[in-house]
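Peer 1: Next up is a structure, given as structure tokens.
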Amino acid sequence: MVSVNSFGISFDKTKILEDINFDVNEGEIVTLLGQSGCGKTTILRSIAGLQREHEGNICIGNVCVSSKEVFKKDREVGYIFQDYALFPHLNVEENIAFALDKMPKKEKEKRVTKLLEQFDIASHRKKSTHQLSGGQQQRVAIARAMANNPKILLLDEPFANLDSQLRYKTKMWLKALIKDLNLSAILVTHDKKEALSISDKIGIIHNKQLLQFDTTLNIYNNPQNYYVANFLSELNLIPNELIKKQNIDINEDKVAVIEIHKCKITKSINNFELKVLDSSFCGEYYELLVDFVDYNCEKTFKIIVENVEDFCENETYYLDIDLNDLKIIAK
Ligand SMILES: Nc1ncnc2c1ncn2[C@@H]1O[C@H](COP(=O)(O)OP(=O)(O)OP(=O)(O)O)[C@@H](O)[C@H]1O
């Protein structure tokens, strides 16, 4: 288990993160989500012991690993870097063996062979890393991270360099590996779909803080505020004045949101009069960009339709929604 307690960090006197608290249990995949530069990698680096100057403490099992006296071998951490960080001057098997530098030679050879087979890269063992595809490089990086049988796996954007098909396959394969070995895994990504599909729990980082940390379903269904909700779903925002016209209570601290896929467009008259501003082709569907007549949307309001020929910019349409699908949440 990993336990991050009252963690905070500053660089050049600028606070990057403050009072971050979360736990990752065995067999659990936790994803940290947040905008670029919010501090996700910094948290991973601190857990791996690569960033020792920080506030608070980080414990792995019963050992508090923030102190300078604890060496990397005691941390039992495998780290898969965003760009894989393979050594270009070493071949595949040497890259993996590098993680086992203190092991006796015979034992090391056996372990490397086992890892090459386990991660399906045995036929590439003598290749240099630049002769490998992105997916193969990723497997070498994972094999190297797993070489010392870590209990904790840290993954920084591990699927970023893979095409969508390989990304999906690798994600499912990695999830099974983490569950089989009962590892505690922490994943960093920008991709909300990826986070939702692989994680047991999600933490959203914003403005130096961990805004919300919860199980994937809880955080998706009960977002604490608009930032969290908008990070995890494709949402439309309905102006508060229009909501009040439906006799729904809403104050200035709150906003009314609805998932885009729950919004339809109709010609039947209701209070949500719309004008179509633009449309764009998205492959299997079109996206209509609309706005309310007399009420300005703060954000772009999108509606998915199968066909754009039925809609023209100068005609009046109405938003068709089930009011039960509306969520009133904090701003
Ligand atoms: N060693 C360092 N010295 C100074 N500033 C640093 C250092 N490491 C990180 N930072 C700064 O801390 C902030 C957080 O960086 P970090 O890499 O953790 O963000 P991130 O959320 O992982 O970003 P991304 O999603 O773009 O990878 C950034 O502003 C970065 O410039």
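Nothing in this text is a laboratory measurement; each read-out follows from the coordinates by a stated rule. Nothing here was measured: the structure is a model prediction, and the numbers come from that model. Heads up, the Cβs are rebuilt from the backbone with ideal geometry, glycines too, and the neighbour counts pull from every protein chain shown.
Peer 1: Would you tally the net charge around Asn221, using a Cβ to Cβ cut-off of less than 11 Å, leaving Asn221 out, and scoring K and R as +1, D and E as -1?
Peer 2: Details: positive: Lys327; negative: Asp214.
For residues surrounding Asn221, the net value is 0.
Peer 1: With charges only on Cβ, +1 for K and R and -1 for D and E, what is the dipole size of the chain about its Cα centre, in debye, rounded to 20? Mind showing how you got there, number by number?
Peer 2: On the way: 42 positive and 48 negative charges, 426 e Å.
It works out to roughly 2040 debye.
Peer 1: Continuing with this model, one more query. Could you tell me which residue out of Gln246, Ile269, Ser199 lies farthest along the dipole of the stretch 182-331 toward its positive end? Charges go on the beta carbon: Lys and Arg +1, Asp and Glu -1, centred on the Cα centre.
Peer 2: Working it through, the farthest residue towards the positive pole turns out to be Ser199.
Peer 1: Could you tell me which residue out of Ser36, Leu181, Ser128 lies farthest along the dipole of the chain toward its positive end? Charges go on the beta carbon: Lys and Arg +1, Asp and Glu -1, centred on the Cα centre.
Peer 2: Of Ser36, Leu181, Ser128, it is Ser128.
Peer 1: Also: Please sort by residue number the trypsin sites (Lys or Arg not before Pro) in the stretch 203-251 whose DSSP state is loop and whose Cβ has at most 13 other Cβ atoms within 10 Å.
Peer 2: On the way: sites: Lys208, Lys244, Lys245; in loops: Lys208, Lys245.
Sites meeting the loop and neighbour criteria: Lys245.
Peer 1: Relative to the compact-globule scaling 2.2 N^0.38 Å, provide the ratio for the alpha-carbon radius of gyration of the chain.
Peer 2: Details: Rg = 24.3 Å, N = 331, 2.2 N^0.38 = 20.0 Å.
Taking N as the residue count of the chain, the ratio is 1.22.
Peer 1: If you don't mind, there's one more thing I want to ask. Over the stretch 1-109, how many pairs of lysines fall under 29 Å by alpha carbon, counting only those 8 or more apart in sequence or from different chains?
Peer 2: Count of close lysine pairs: 19.
Peer 1: Pairs on different chains or at least eight residues apart, Cα atoms closer than 17 Å: how many lysine pairs in the stretch 181-277 fit?
Peer 2: On the way: Lys192/Lys201; Lys193/Lys201; Lys244/Lys254; Lys245/Lys254; Lys264/Lys275; Lys267/Lys275.
Qualifying lysine pairs in the stretch 181-277: 6.
Peer 1: For Lys179, which aspartates and glutamates qualify as cross-link partners when the Cα separation must be under 20 Å and same-chain residues fewer than eight apart are set aside?
Peer 2: Result set, ordered by chain and number: Asp23, Glu26, Glu28, Glu76, Glu117, Asp120, Asp156, Glu157, Glu194, Asp200, Asp214.
Peer 1: Where does the chain land at 222 nm, in deg cm²/dmol rounded to the nearest 500, when only DSSP H runs of n ≥ 4 count, each adding -39500 (n - 2.57), divided by all residues?
Peer 2: Numbers: 9 runs with 84 residues, N = 331.
The helix contribution divided over the chain gives -7500 deg cm²/dmol.
Peer 1: Would you pull out the residues with amide H under 5 Å of Phe301's amide H, same chain only if 5 or more places away, H placed 1.01 Å from N?
Peer 2: Residues meeting the criterion, in which the H sits 1.01 Å from N, are Val290.
Peer 1: For the stretch 237-330, restrict the atom set to alpha-carbon positions and state the Rg and Dmax in Å.
Peer 2: Final numbers for Rg and Dmax: 13.2, 39 Å.
Peer 1: Follow-up question, since we're still on this one. Based on the mean of other Cβ atoms within 10 Å per residue, sort peptides 254-263, 12-21 so the most packed one is first. Working shown, then result.
Peer 2: Working: 254-263: 18.1, 12-21: 13.8.
Packing order, densest peptide first, comes out as 254-263, 12-21.
Peer 1: Which whole-Hz ³J(HN,Hα) couplings does the stretch 19-34 yield from phi under the Karplus relation 6.51 cos²θ - 1.76 cosθ + 1.60, θ = phi - 60°, glycine and proline marked x?
Peer 2: Each residue's phi maps through the Karplus curve to give 6, 8, 9, 6, 10, 10, 7, 5, x, 10, 10, 10, 10, 9, 10, x Hz.
Peer 1: Compute the relative contact order of the stretch 2-231 as a whole-number percentage, counting only Cα pairs closer than 8 Å that sit 6 or more residues apart in sequence.
Peer 2: Numbers: 398 pairs, mean separation 67.2, N = 230.
With pairs under 8 Å counted, the relative contact order is 29 percent.
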